[in-house]
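A short worksheet on the structure shown next.
The values are calculated or read from the model by the stated rules, or taken from the named source; none is laboratory data. Quantities reported herein were computed from a predicted structural model and do not represent experimental measurements. Neighbour counts are summed over all protein chains in view; Cβ atoms, including those assigned to glycine, are modelled from backbone coordinates with ideal geometry. To get the accessible areas, we keep the full protein, side chains included, count just its heavy atoms, and leave off ligands, DNA and RNA. Shrake-Rupley method; radii C 1.70, N 1.55, O 1.52, S 1.80 Å.
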Amino acid sequence: MGEGYEFGPRSIDTGCQRFKPPAANTDGLTQDIINALGRFPELTVMSWNAISPYKGRPAKPAEIAQSLAVRYQVEGSVRRTGDRLRVNAQLVDTNGQVLWSASFDEALADVFALQDKITAQIAGTLAIRVTQIEQRRVLAKPTDSLEAYDYVLRARSALQRPARGNIVEARVLLRRAIELDPNYAAAYAALAETYHVAMSMGWAESPADFLSRAEEMANKALSIDDSDVRARIVLGRIHIFYHRYDQANAEIDRAIAINPNDANGLAGRGNILMWSGQTDAAIKALELAQRIDPELNAVDRFALSLAYYQKGRYATAIEQAELNLRKTSGANFSRILLAAAYAQLGRSQDAARVVTAIHRLDPTFDAQEFGTKFLSAADLGHLRDGLRKAGLSEEANPR
């Protein structure tokens, strides 16, 4: 008798995929399947976070379809017997009518073959027309080392929980993956992310060094596989720090061309648009990313709140900044924006309370450095006006 596992829901806007393989990193493997489906331009793929409220409880297809605005759902079960996996999967519409079903019986060690079969058959059922070359790229096996793949999945899981210790843990795991497979592009891309996240969150001992390492690792990943979406996205984000907005846009455009429904890519585009002064377009991109993945990372949620601030939507900016701080206590940049937004609304007591916390948590905070990635002098001036009103700038506190 093997171990039985129910599928947890995972949506695609053509659908909601429910897939939970019996392995230590089941969510990570599911993400890879969904990312592969998301590379088909005809599919809009919803993230695991969007459907997590349905995990572990029964829900009718109509309920999920209405809540997530999806048209199709994939559901099934996985059973492990010895060293083999048996997967039953089916595609249903909003009425629960089965449009397609299949069973897969594969050796556990050949998890890539299992993933490829599921992805290819679901895409075929949805009448997706892609060239053979695109299919080969989408379904490409990332590495021959299952152990290296496991390290990357564990590192990605750590990256999704932005805390200083998690980032350090992810970096250790990714270095092990690279030792096992020095030509594993995904490992280098994720390693680049660890340096970028640490630098963005203020956890880098030397921000310049971390930024340089992030760029080096992203370029290394692309030298191995120039279709690696995560590497292009992180490289685009890195270019922002150097004010290379055209290069940043080019990288994000390439990433989105490969996978049009990647929330990370859309959020990356929103960041670039926001810092380059295209605030309306930035809000549109970031809100779409948030719809696909409600659990935006701390950097992207900050970008959305800052974009709202720039449009004078201070209450909405406060809402997003407060949410960011509840989810990621180390997001001190959201605390700074919160003070500016409070000040713009005349909520001086709230602003003063937040300013006290900022000085306690970051005694070396420099208002003249904050927001200097803005291309527009007017945008930077608007932000500094809020900081001055909150009492965070030198102008407000002359010596």
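Taken along its three principal axes, the alpha carbon spread of the stretch 215-286 comes to 36, 27, 14 Å, from the longest extent down to the shortest.
Could you give the accessible area per residue of the stretch 46-114, probe 1.4 Å, as a whole number in Å²?
Values: 3540 Å² over 69 residues.
It amounts to 51 Å² per residue over the stretch 46-114.
Applying a threshold of 22 Å to the alpha-carbon distances of 220/284; 311/373; 284/373; 327/389 flags 220/284; 327/389 as lying beyond it. The residue among 382, 367, 332 whose Cα reaches farthest toward the positive pole of the charge dipole of the stretch 313-399, with charges on the beta-carbon of Lys, Arg, Asp and Glu, is 332. In the context of the full set of protein chains, residues of the stretch 194-277 present 35 Å² of accessible surface per residue (probe radius 1.4 Å, heavy atoms only).
Along its first, second and third principal axes, ordered by size, the stretch 242-370 spans 47, 29, 25 Å in Cα coordinates. Potential lengthening of the chain between residue 175 and residue 55 amounts to 40.0 nm, from the contour at 0.36 nm per residue minus the alpha-carbon distance. Between residue 71 and residue 107, the FRET efficiency estimated from the beta carbon spacing at R0 = 25 angstrom works out to 0.15. Close amide H pairs (under 5 Å, H built 1.01 Å from N) link residue 100 with 91, residues at least 5 positions away or on another chain.
Could you tell me the relative contact order of the stretch 194-237? Use alpha-carbon pairs under 8 Å, at least six residues apart, and round to a whole percent. Reported as a whole number, the value is 32 percent. Taking a quarter of the surface of the Cα convex hull of the stretch 156-310 gives a mean projected area of 8.3 nm². A straight chain from residue 146 to residue 216 at 0.36 nm per residue would run longer than the Cα-Cα distance by 22.7 nm. Note on residue 90 and residue 223: the extension gain reaches 44.1 nm, defined as 0.36 nm multiplied by sequence separation minus the Cα-Cα distance. Near residue 84, the amide H atoms lying under 5 Å from its own belong to 108; only residues 5 or more places off or on other chains count, and H is placed 1.01 Å from N. For the stretch 138-205, the share of alpha carbon pairs falling in successive 5 Å distance bins from zero is 4, 20, 30, 21, 14, 8, 3, 0 percent. Site pair residue 377 and residue 319 shows an inter-label distance of 3.5 nm when each label is modelled 7 Å from Cα along Cα→Cβ.
How much of the accessible area of the stretch 165-314, in percent, comes from carbon and sulfur atoms when a 1.4 Å probe is used? Can you show the working numbers first?
On the way: 2510 of 5390 Å².
Of the solvent-accessible surface of the stretch 165-314, carbon and sulfur hold 47 percent.
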